[in-house]
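Engineer: Have a look at the structure that comes next, please.
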Amino acid sequence: MNPILLFLLPSMLALVTLPTIANRSLASYWSASLSTFSFLLAIPLVIHTYAHAHPVFFLHQWLLCDKLSAFFIGLNSFIAMTTSFYAISYLNNESHTTLYRLIYRFYHSFFHLFLLGMLIVILSNNIGLMWIAMELATIASVVLVALYQNSEALEAAWKYLILCGVGIGFALLGTVILYFATYHYLTEEQGLLWTDLLTNASHFSVKLLAIAFVFLFVGYGTKVGFFPLHNWLPDAHAEGPSPISALLSGLLLNIALFAILRFKLVLSHTEIAAFSSHLLLIFGFLSLLFAAFSLLRQHKLKRLFAYSSIEHMGLISIALGIGTPLSYLAGFLHILTHSLSKTAVFFSIGSILQRFHTQAVNQLKGLTTAVPLNGWCLLLCSFALLGLPPSGLFFSELLLILATLKTHMWLVIPLILGLAIAFIAIFYKIQSISFSSYPTNFHPLPDSQQLDWPVILHLGLVILAGFWIPVWFIQPVIHLLTYGV
Amino acid sequence: MTSFLLFLVSTMMMLSFLMLMQIRIINLIKLLIIQNIVLISYLIFKAIIYPKFELYLSLAMTFFIKIVILPWALWKFVNYLKLTQHIEPIMNKPTLQFIGILLVIFSLLLTYQIEPTIEKQALASFSLSLANSLLAILLILFRREAISQIIGLLVMENSIFLLSATLTTGFPWLVELGIGFDILIGFMIFGLFLFRIRTTHGSFHLEHLEKLKE
């Protein structure tokens, strides 16, 4: 059986079975075990792709798994697994009146629809299919953001829907124009296949490609949360359930960046390769600086870390924009460690939110005294996220600074400025809630079984990545990005 | 025949300009339905000139979604929610019109950049459909009402359909099917949201949806 089909089976099974399961705990455990299967099946797919020179194709070459997709498949399915375990206890602790049975079923079905959408984006070789899957992931995540159905959640979801609706419309426009650029050189089916676009890119009209790339960049860039189009991001992260905030921040933003990277690779074979890199650099720096200054004004925990996501996406796109092997190493190490630590932070905030019923920074005090494990986890994860050694983010940021020094020396100044401001903002706020002799009162949770181990696991992996950088996992991707398929 | 096609494309853009001017929701919806009909007639004429399987499929799908389902659902909405109130754009209308004209000029200029790669007839329709999608964004940005934002998105969807029909003879049919399906689901989710917003706030006015700030 084709390994791609095998890998997608658990997700499809989830979509068929989960809407019909009414029992709450059965649905949670079934969802978690399907995500575990999905992760277990991802391992042979990743190993197979890394071991062979040629990518795996499926469905008339519409789906492909090359080394770039394998990297994201590994990351995505791992985080999906830990998130669905975390969600078991998280959902148990929610009140049964807000999450009544129907909503509960909605949660699980759309959770897996969201995951499947993202997996298809990663695996698609057909740029039309990629757009469809991205739209599917967007729609599913909108429903998840609006899950609590109070007025804030509705507002956040509405903003998300409208802004990303416009963005995704732009992306479709870009896809159409790109398809048109290929129209005279490739047959119909081929005009949409990424692998064919890549090999024939030098024939296409440069101006059409540039226009198409701008539309695609704006479109998918809306989902990454690049600066002028970031408005939906903090609201959607802050108002949705915590497992969903974690997935949005840790996975969805990466996936949108991945889509942009795919199109950047097409352009890298033409004479306007520098144009795409410059776009990534400009928007990367704008987002980094904007997010860094906005971080200073945040007083809600989830919004704080949502802005931090914009900052980190800025850093990653700077790394991808520079485009040397060193910067790719920095970028992909950053993607890996940022996803792990950001999801861990959102998991911890989720438990804090359930225990203290508030996420306002000025109302929370002495978390490490009141709830030691949860409080320390949040503190350490935030430190890891800030790039304090020995976290893996320390090395990715260091490598990024080195890569910037090598190519664009003067760009180091805004880079370090952004990093420093973000550091001060988050450090100050997190330490102010962590320590106090008079901790805030809290409600003990009925079920805290699955709340802490995913956080500790993620934190452990991030620290491990600091001691032993997973070059074996990133190296093949860098090779693909620098030397082509 | 080609000049007639061009006429249809420009009619679509004129309809978008008219939509920018409307203050009653019901008129906005009527104009959207007229625009859908114009889009369909464009596809029909294109299919007559260049008979091709993909174009027929695209035609059938667009017909089903845009002439049957959407108008029906929109009329249901209008009747159920009794949408008779007025909505004012947040900017005065001549300025809005002027910005619209500037956007059209911008897309014409953009299209002349890529002149050598397009045939002469596609040149005009490319720029007009691009302008149409930019007008749709104006429609979304300068209203403070949830339902007019949806209509803006649908206009944008129309212009992308138009663009793909003017430039090529449509995507491979499976992709087109997927896109149509996605738009349909998206619209249904929008509808659900409208009901939720209405039951929570009692109106669609966006001032209820502007509480989340820094």
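Engineer: Could you grab me the full set of residues in the stretch B:112-129 that are more than 19 Å from A:G169 (Cβ to Cβ) and either among the acidic types (D, E) or within 12 Å of another protein chain (Cβ to nearest Cβ) (or both)? Break it down into steps so the answer makes sense when it comes.
Structural biologist: We begin by selecting, within the stretch B:112-129, every residue more than 19 Å from A:G169 (Cβ to Cβ); these are B:112-124.
Within the stretch B:112-129, B:Y112, B:Q113, B:I114, B:E115, B:P116, B:T117, B:I118, B:E119, B:A122 qualify.
Engineer: Now for a different question. Just for the stretch A:276-303: of the residues that are closer than 22 Å to A:K223 by Cβ and within 14 Å of another protein chain (Cβ to nearest Cβ), which one is surrounded by the most Cβ atoms within 10 Å (Cβ to Cβ)? If you could, list the steps in order and put the result at the bottom.
Structural biologist: We begin by selecting, within the stretch A:276-303, every residue closer than 22 Å to A:K223 by Cβ; these are A:276-292, A:294-295, A:298, A:302-303.
From the residues that got through so far, the ones that are within 14 Å of another protein chain (Cβ to nearest Cβ) too are A:290-291, A:294-295, A:298, A:302-303.
Numbers: A:F290: 19, A:A291: 28, A:S294: 23, A:L295: 25, A:Q298: 21, A:K302: 23, A:R303: 23.
Checking each candidate, the answer is A:A291.
Engineer: If only one of A:L178, A:L197, A:L186, A:L233 is buried (at least 19 other Cβ atoms within 10 Å of the Cβ), touching a residue at least 60 places away in the same chain (Cβ under 8 Å) and farther than 21 Å from A:T138 by Cβ, which one is it?
Structural biologist: From the options A:L178, A:L197, A:L186, A:L233, the qualifying one is A:L197.
So that you can scan it fast, the table gives a plain yes or no per residue for (1) surrounded by 19 or more Cβ atoms within 10 Å (Cβ to Cβ); (2) more than 7 Å from chain A (Cβ to nearest Cβ); (3) modelled with pLDDT of 70 or more:
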residue: B:A131; (1), (2), (3): yes, yes, yes
residue: B:I140; (1), (2), (3): yes, no, yes
residue: B:I150; (1), (2), (3): yes, yes, yes
residue: B:F161; (1), (2), (3): yes, yes, yes
residue: B:L167; (1), (2), (3): yes, no, yes
residue: B:F181; (1), (2), (3): no, yes, yes
residue: B:T199; (1), (2), (3): no, yes, yes
residue: B:F204; (1), (2), (3): yes, yes, no
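Engineer: May I ask you to say which residue of B:L96, B:L20, B:L102 is farther than 28 Å from B:G180 by Cβ, in contact with a strand residue (DSSP E or B) (Cβ under 9 Å, 6 or more places away or on another chain) and more than 14 Å from every other protein chain (Cβ to nearest Cβ)? Walk me through it before giving the result.
Structural biologist: On the way: B:L20 fails: farther than 28 Å from B:G180 by Cβ; B:L102 fails: in contact with a strand residue (DSSP E or B) (Cβ under 9 Å, 6 or more places away or on another chain).
Result of the check over B:L96, B:L20, B:L102: B:L96.
Engineer: I would also like to ask the following. Is there a residue in the stretch A:229-248 that is assigned to a helix (DSSP H, G or I), within 19 Å of A:H278 (Cα to Cα) and more than 10 Å from every other protein chain (Cβ to nearest Cβ)?
Structural biologist: Yes, the stretch A:229-248 has at least one match.
Engineer: Among the residues of the stretch A:99-117, is any within 14 Å of chain B (Cβ to nearest Cβ) and of a type in the set (S, T, Y)?
Structural biologist: Taking every residue of the stretch A:99-117 in turn, at least one turns out to be within 14 Å of chain B (Cβ to nearest Cβ) and of a type in the set (S, T, Y).
Engineer: Name the residues in the stretch A:285-304 that are in contact with a Leu (Cβ under 9 Å, 6 or more places away or on another chain) and among the aliphatic types (A, V, I, L, M), would you?
Structural biologist: A:L288, A:L289, A:A292, A:L295, A:L301, A:L304
Engineer: Continuing with the same structure: Any residue at all in the stretch A:360-379 that's in contact with a strand residue (DSSP E or B) (Cβ under 9 Å, 6 or more places away or on another chain) and not charged (D, E, K, R)?
Structural biologist: There is at least one residue in the stretch A:360-379 that is in contact with a strand residue (DSSP E or B) (Cβ under 9 Å, 6 or more places away or on another chain) and not charged (D, E, K, R).
Engineer: Limited to the stretch A:20-41, what total is found for residues that are among the basic types (K, R) and either free of Cβ contacts under 8 Å to residues at least 24 places away in the same chain or crowded, with 20+ Cβ neighbours inside 10 Å (or both)?
Structural biologist: Final tally of qualifying residues: 0.
Engineer: Of the numbered conditions (1) surrounded by fewer than 17 Cβ atoms within 10 Å (Cβ to Cβ); (2) within 19 Å of A:G169 (Cα to Cα); (3) more than 10 Å from chain A (Cβ to nearest Cβ), B:K66 satisfies every one except a single condition; which is it?
Structural biologist: Checking B:K66 against (1) surrounded by fewer than 17 Cβ atoms within 10 Å (Cβ to Cβ); (2) within 19 Å of A:G169 (Cα to Cα); (3) more than 10 Å from chain A (Cβ to nearest Cβ), the one that fails is (1).
Engineer: Here's a follow-up. Quick one: count up the residues across the stretch A:155-167 that are more than 7 Å from every other protein chain (Cβ to nearest Cβ) and either farther than 26 Å from A:P234 by Cβ or surrounded by fewer than 24 Cβ atoms within 10 Å (Cβ to Cβ) (or both).
Structural biologist: Count: 3.
Engineer: Right, here's the next one. Quick one: count up the residues across the stretch A:42-62 that are in contact (Cβ under 8 Å) with a residue 40 or more places away in the chain and at negative phi.
Structural biologist: The qualifying residues number 9.
Engineer: In the stretch A:168-190, what residues are of a type in the set (S, T, Y), facing chain B (nearest Cβ under 9 Å) and not in a helix (DSSP H, G or I)?
Structural biologist: Within the stretch A:168-190, A:Y183 is the sole residue that qualifies.
Engineer: Kindly evaluate A:F204 against the criterion of being over 22 Å from A:C65 (Cα atoms), surrounded by 19 or more Cβ atoms within 10 Å (Cβ to Cβ), more than 10 Å from chain B (Cβ to nearest Cβ) and in contact with a Phe, Trp or Tyr (Cβ under 8 Å, 6 or more places away or on another chain). Walk me through how you get there before you give the answer.
Structural biologist: Details: over 22 Å from A:C65 (Cα atoms): yes; surrounded by 19 or more Cβ atoms within 10 Å (Cβ to Cβ): yes; more than 10 Å from chain B (Cβ to nearest Cβ): no; in contact with a Phe, Trp or Tyr (Cβ under 8 Å, 6 or more places away or on another chain): yes.
No; evaluated as a whole, the condition is false for this residue.
Engineer: Given (1) of a type in the set (A, V, I, L, M, F, W, C); (2) away from chain B (no Cβ under 14 Å); (3) surrounded by 24 or more Cβ atoms within 10 Å (Cβ to Cβ), identify the lone condition not met by A:M81.
Structural biologist: (3)
Engineer: If you don't mind, another one. Please state which one of A:A344, A:A259, A:A306 is crowded, with 24+ Cβ neighbours inside 10 Å, among the small types (G, A, S) and within 14 Å of another protein chain (Cβ to nearest Cβ).
Structural biologist: Testing whether each residue is crowded, with 24+ Cβ neighbours inside 10 Å, among the small types (G, A, S) and within 14 Å of another protein chain (Cβ to nearest Cβ) leaves just A:A306.
Engineer: On to the next question. Restricting to the stretch B:183-197, and then to whatever is aromatic (F, W, Y) and touching a Leu at 6+ places or on another chain (Cβ under 8 Å), can you tell me which residue is farthest from the other protein chains (Cβ to nearest Cβ)?
Structural biologist: Out of the qualifying residues, it is B:F187.
Engineer: Still on this model: Count, please, the residues in the stretch A:51-109 that happen to be assigned to a helix (DSSP H, G or I), within 30 Å of A:F263 (Cα to Cα) and among the hydrophobic types (A, V, I, L, M, F, W, C).
Structural biologist: Filtering the stretch A:51-109 for residues assigned to a helix (DSSP H, G or I) gives A:51, A:67-93, A:101-109.
Pick out the ones that are also within 30 Å of A:F263 (Cα to Cα) and you get A:51, A:67-81, A:83.
Still in the running and among the hydrophobic types (A, V, I, L, M, F, W, C): A:51, A:68, A:70-73, A:75, A:78-81.
So the answer is 11.
Engineer: For the stretch A:365-413, which helices (runs of 4 or more DSSP H) that fit wholly inside it have 3 or more residues that are among the polar types (S, T, N, Q) and within 20 Å of A:L281 (Cβ to Cβ)?
Structural biologist: Hits in the stretch A:365-413: A:392-407.
Engineer: Turning to a different aspect of this structure: For A:D66, all conditions in the list (1) in contact with a helix residue (DSSP H, G or I) (Cβ under 6 Å, 6 or more places away or on another chain); (2) closer than 26 Å to A:E135 by Cβ; (3) buried (at least 19 other Cβ atoms within 10 Å of the Cβ) hold save one; what is the number of the exception?
Structural biologist: Failing condition for A:D66: (1).
Engineer: Among the residues that make up the stretch A:419-431, is at least one of them touching a residue at least 24 places away in the same chain (Cβ under 8 Å) and under 30 Å from A:Y29 (Cα atoms)?
Structural biologist: No, that holds for no residue.
Engineer: Something else now. Just the residues that are at pLDDT 75 or above and of a type in the set (G, A, S), please, taken from the stretch B:46-99.
Structural biologist: B:A47, B:A60, B:A73
Engineer: Give the residues of the stretch A:126-149 that are over 25 Å from B:L138 (Cβ atoms) and more than 8 Å from chain B (Cβ to nearest Cβ), sorted by residue number.
Structural biologist: If the condition is that a residue be over 25 Å from B:L138 (Cβ atoms) and more than 8 Å from chain B (Cβ to nearest Cβ), then A:I127, A:M130, A:A133, A:A137, A:A140, A:S141, A:L144, A:V145, A:L147, A:Y148 are the ones that fit.
Engineer: Failed condition for A:T358, given (1) closer than 28 Å to A:N93 by Cβ; (2) among the polar types (S, T, N, Q); (3) surrounded by 21 or more Cβ atoms within 10 Å (Cβ to Cβ), with all others met?
Structural biologist: All conditions pass for A:T358, except number (3).
Engineer: Is it the case, given these coordinates, that A:E152 is under 20 Å from A:P241 (Cα atoms), within 9 Å of chain B (Cβ to nearest Cβ), surrounded by fewer than 22 Cβ atoms within 10 Å (Cβ to Cβ) and of a type in the set (D, E)? Lay out the reasoning, then the answer.
Structural biologist: Numbers: under 20 Å from A:P241 (Cα atoms): yes; within 9 Å of chain B (Cβ to nearest Cβ): yes; surrounded by fewer than 22 Cβ atoms within 10 Å (Cβ to Cβ): yes; of a type in the set (D, E): yes.
So A:E152 passes the test.
Engineer: I would also like to ask the following. Does B:F126 fit the bill of being at pLDDT 80 or above and part of a helix (DSSP H, G or I)?
Structural biologist: Yes, satisfied.
Engineer: Being under 25 Å from A:A156 (Cα atoms) and in contact with a Lys or Arg (Cβ under 7 Å, 6 or more places away or on another chain) is the filter here; which residues of the stretch A:181-238 pass it?
Structural biologist: Across the stretch A:181-238, the qualifying residues are A:N231, A:W232, A:P234, A:D235, A:H237, A:A238.
The values are calculated or read from the model by the stated rules, or taken from the named source; none is laboratory data. All of these numbers come straight from a predicted model, not from anything done at the bench. Here Cβ is always computed from backbone atoms with ideal geometry, including for glycine, and neighbour counts include all displayed protein chains.
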